[in-house]
Amino acid sequence: MLGLKLPTDPRWVNIVEGNISEILTDHAWCEQKAATNALSLIINNPNYTEMVTKLIEIAREELEHFEQVHNLIKARGLTLGIERRDNYVNELYKFMQKGGSRKSSLVDRLLFSAMIEARSCERFRVLSENIQDAELAKFYRELMISEAGHYTVFIGFARQYGDDIDVDKRWKEWLEYEASIITKYGKNETIHG
């Protein structure tokens, strides 16, 4: 369904299990950034009523995920660390088309968002199937389902609003680009790292 070219090596979970505090802090900040991304799309595209309505739901849900991760951190006697830089997302951002029409910029931003949700969904699946911590396995299974829904929303709106753009062709370009950069990641105890 997601179309990702390269799967995450399940051994990545061994790295994650070596520093649960770090993965939880990184994950919390990823959720905050996802909420901010949804709000940014709303701010820059207020005239797309159907999309705004759905993105309000996503922003709220992402903030709830932030709170859930923060609660896990607190329950484990840990503290939320400072915001982490997400090199994977920054590298994806470079691939977004610059210039062009407002519509093509919107479509590319939606595809960028769909890509992040797709990889997050895939990473959550790997965590849910391989992590030894039963509580985290269940938690990441639930979030995997949520991220798949967000991916569907973003790619769906890209197709809906990109009526004069070959969205499927551009999505394939995103998948190829992501495959070219993901080989650098999966070596750290971060969601995308």
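Computed from the coordinates by the stated procedures, all read-outs in this text should not be read as laboratory data. Worth saying up front: this structure is predicted, and the values here are computed from it rather than measured. So basically every Cβ, Gly included, is an ideal-geometry build from the backbone, and we count neighbours across all protein chains shown.
Give, in whole angstrom and from largest to smallest, the semi-axes √(5λ) of the equivalent ellipsoid of the chain, with λ running over the eigenvalues of the Cα gyration tensor. The partial results should precede the final answer.
On the way: eigenvalues 161, 70, 38 Å².
The three semi-axes for the chain are 28, 19, 14 Å.
By the count of neighbouring beta-carbon atoms within 10 Å, fewest first, Ile131, Ile20 end up ordered Ile20, Ile131.
Mean Kyte-Doolittle of at least -1.0 and a Cα length of 24 Å or more along the axis: which whole DSSP H helices of the chain meet both? Helices meeting the span and hydropathy rule in the chain are 20-44, 49-75, 102-130, 134-161. From least to most packed, judged by other beta carbons within 10 angstrom and beginning with the fewest, Ile73, Ile58, Ile145 follow the order Ile145, Ile73, Ile58. Post the alpha-carbon centroid distance, region 59-131 to region 1-27, in whole angstrom. Rounded to whole Å, the Cα centres lie 13 Å apart. The modelled label-to-label distance between Leu6 and Lys184, using points 7 Å beyond Cα along the C-beta direction, is 1.1 nm. From least to most packed, judged by other beta carbons within 10 angstrom and beginning with the fewest, Ser146, Ser180 follow the order Ser180, Ser146.
Going 7 Å from the Cα of Glu67 along its beta-carbon direction, which residues of region 117-147 have the amide nitrogen within less than 11 Å of the resulting point? Flagged as within label range: none. Straight-line cross-link reach from Lys33 at under 17 Å between alpha-carbon atoms covers these aspartates and glutamates, not counting any fewer than eight positions away in the same chain: Glu22, Glu57, Glu61, Glu62, Glu64, Glu67, Glu83, Asp86, Glu91, Glu117, Glu147. Exceedance of the 23 Å cut-off in Cα-Cα distance is limited, within the set Lys138/Lys184; Lys5/Lys98; Lys5/Lys94; Lys94/Lys184, to Lys138/Lys184; Lys5/Lys98.
Annotation for Val52 and Glu142: the two label points, set 7 Å from Cα along the Cα-Cβ direction, are 3.2 nm apart. Dividing the summed -39500 (n - 2.57) terms of all DSSP H runs of n ≥ 4 by the residue count of the chain sets its mean residue ellipticity at 222 nm at -24500 deg cm²/dmol.
Determine by what factor the alpha-carbon radius of gyration of region 25-120 differs from 2.2 N^0.38 Å, reporting the quotient.
Numbers: Rg = 14.8 Å, N = 96, 2.2 N^0.38 = 12.5 Å.
Taking the Cα Rg and dividing by 2.2 N^0.38 Å, one obtains 1.19.
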